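Report on one structure; see the data block that follows.
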Amino acid sequence: MTLQKITPFLWYAKEAEEAAGFYTSIFPDSRIVRVTSLPSESPSGPPESVKVVDFVLFGQSFTAMTAGRLDPFNHAVSFVVNCDDQAEVDRYWNALLQGGAPEECGWLKDRYGLSWQIVPKVLLEMMSDSDRARAKRASDAMLKMVKIDIAALQAAYRGS
């Protein structure tokens with residue numbers, strides 16, 4: 001495995017390997033690369049109790065660690081999944097939502113408390129339109145949604 005310059009690192013109380021398996025089952029070009037146990041005693045527990053999981057999602061490397069409770073995940077960090085169409089929005093939304101909780105504006109918390117944004121690529125295009133009235137209509141529509149509905153966004157954008 002070639003190390004990236006920057007790799008997202010996620011701290012889980014006890015389910016890093018389970019979470020990595022869940023995520024890699026959802027996204028293509030994804031796999032668990034290795035699971036390594038810390039052979040030393042640490043503040044988190046006895047030897048072999050801390051596990052580091054290296055995994056890949058969509059070709060992007062991630063590391064997760066099981067090391068006991070510390071800080072819970074919160075909205076300050078989330079992962080954005082840029083989707084090509086409604087079928088992709090629906091697929092990733094439904095998969096990540098299993099055991100999790102929906103939130104507004106295309107956000108959800110998965111069963112481990114990690115925040116995800118499931119966003120159609122067309123939304124950014126609409127919101128960055130130089131016609132600010134169209135952009136505002138799309139933005140206003142998005143702010144009323146839980147899971148993003150591309151057809152409803154497009155209708156709002158067009159003013160219909």
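The values are calculated or read from the model by the stated rules, or taken from the named source; none is laboratory data. Quick caveat: nothing in here was measured; it's all calculated off a predicted structure. Note that each Cβ is placed from the backbone with ideal geometry, even for glycine, and that neighbours are counted across all protein chains shown. Heads up: the accessible areas ignore ligands, DNA and RNA and are worked out on the full protein's heavy atoms, side chains in. Shrake-Rupley method; radii C 1.70, N 1.55, O 1.52, S 1.80 Å.
Annotations for the structure displayed:
- For region 19-37, the residues whose backbone nitrogen is under 11 Å from a point 7 Å from the Cα of Ala95, taken along Cα to Cβ, are 22-31.
- Net charge contributed by nearby residues that have their C-beta within less than 14 Å of Val35 (K/R +1, D/E -1): -1
- Spin-label model, Ser25/Ala155: points 7 Å from Cα along the beta carbon direction are separated by 3.5 nm.
- With every protein chain in place, region 32-160: carbon and sulfur % of accessible area (1.4 Å): 55
- Charge tally for Gly113 (other residues, Cβ to Cβ under 15 Å; Lys, Arg +1; Asp, Glu -1): -1.
- The chain - mean residue ellipticity at 222 nm from DSSP helices (-39,500 (n - 2.57) per run, n ≥ 4, rounded to 500): -9500 deg cm²/dmol
- Residue with peak Gaussian network fluctuation, the chain [Cα springs, cutoff 10 Å], from Ala133, Ala19, Ala64: Ala133
- Counting only protein heavy atoms and a 1.4 Å probe, the chain has 56 square angstrom of accessible area per residue.
- Modelled label positions at Thr7 and Ala76, each set 7 Å beyond Cα in the direction of Cβ, lie 2.3 nm from each other.
- Positive minus negative residues near Phe55 (Lys, Arg vs Asp, Glu; Cβ under 10 Å): 0
- In range of the label at Phe58: residues from region 111-155 whose backbone nitrogen is under 20 Å from the point 7 Å along Cα→Cβ: 111-128, 146-151
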